[in-house]
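Below is one structure, written out as structure tokens; comments come after it.
The values are calculated or read from the model by the stated rules, or taken from the named source; none is laboratory data. Fair warning: this is a prediction, and the values are worked out from it, not measured in the lab. Cβ atoms come from the backbone with ideal geometry, glycine included; neighbour counts cover every protein chain shown.
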Amino acid sequence: MSARILIVEDEPGIAEVLAITVSRSNHTPLLATDAAAAERLLANQTVDLALVDWMLPGMSGLELIRRLRRDDATSALPVIMLTARTQESDIISGLDAGADDYINKPFSPRELMSRINALLRRSGGGDKGVLQVANLTLDFDALRAYVDGEPLSLGQRDFQLLSFLAANPERVYSRGQLLDHIWGRATDIEERTVDVHILRLRKALKPAGADDLIQTVRGAGYRLGLS
Ligand code: CA
């Protein structure tokens, strides 16, 4: 399956390179030159992922991302922010606004595609297939997880949580970040719900001797650790 990728970029040359890069990976590019055009397009078409430039005429890409996150229809849309800004504080404001990832301009098309495909995998859209991390296998079509080939007994939410952590091994996520990504930003579910699901995940992994895959990082959150 190929994904439909919205490109919000006002500079025609860059928009063209982005569209070509996306097409070469068998995804379909949809172009918008400003935030208003992007919102109109999103209201009428199915989009699997958005690439949003920070510097747009009129409403900034940052503000667009904030608006997407507030709208139920787009709150879970995977978003990669394109930015010429490399200051850490700028990147943090982009991620705080709700971008799932960011890429600096000038970008390498290969890096861009690998970020897009990784995010599509994490969000369960686009090409699904199988993810293998250590002795863990995640089958995104069947929504099943295996350790050394043995199936785990997981609910859908637990599968989402496991696959989200597995898509970025070693990276630590706070409870708040996990809530945002797995349950959606608009949720009013309490953070301890994450702990309950982590506990269930470990329980499901235990018979396979793999419960130490899910690690607690004190004061920070959780990660899927490879050691
Ligand atoms: Ca721009």
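For region 22-59, a tally of residues being under 21 Å from Gly129 (Cα atoms), surrounded by 15 or more Cβ atoms within 10 Å (Cβ to Cβ) and out of contact with any strand residue (DSSP E or B) (no Cβ under 7 Å at 6 or more places or on another chain) returns 1.
Regarding region 148-157, can at least one residue be identified that is outside the structural domain of Arg24 (by TED's automatic domain parsing) and among the aliphatic types (A, V, I, L, M)? Reasoning before the result, please.
Residues of region 148-157 that are outside the structural domain of Arg24 (by TED's automatic domain parsing), as a first pass: 148-157.
Within this subset, residues satisfying the condition of being among the aliphatic types (A, V, I, L, M) are 152, 154.
Yes, region 148-157 has at least one match.
The condition of being of a type outside the set (S, T, N, Q), within 22 Å of His181 (Cα to Cα) and at pLDDT 95 or above holds for only one of Ala32, Ala37, Ala50, Ala73, that being Ala50. When Glu88 is tested against (1) exposed (fewer than 12 other Cβ atoms within 10 Å of the Cβ); (2) not assigned by TED's automatic domain parsing to the domain that holds Ile20, only condition (2) is not met.
Here Leu68 meets the list (1) surrounded by fewer than 20 Cβ atoms within 10 Å (Cβ to Cβ); (2) within 24 Å of Leu179 (Cα to Cα) almost entirely, failing just condition (1). Of all the residues in region 70-92, those that are of a type in the set (S, T, N, Q) and more than 17 Å from the chain's Cα centre (by Cα) number 4. Residues in region 173-227 that are of a type in the set (Ser, Thr, Tyr), surrounded by fewer than 17 Cβ atoms within 10 Å (Cβ to Cβ) and under 28 Å from Arg69 (Cβ atoms): Ser174, Thr187, Thr193, Thr216.
Regarding Glu111, is this residue of a type in the set (Asp, Glu), closer than 29 Å to Ala97 by Cβ and without any contact (Cβ under 8 Å) to a residue 60 or more places away in the chain? Full working, then the answer.
Details: of a type in the set (Asp, Glu): yes; closer than 29 Å to Ala97 by Cβ: yes; without any contact (Cβ under 8 Å) to a residue 60 or more places away in the chain: yes.
Answer is yes for this residue.
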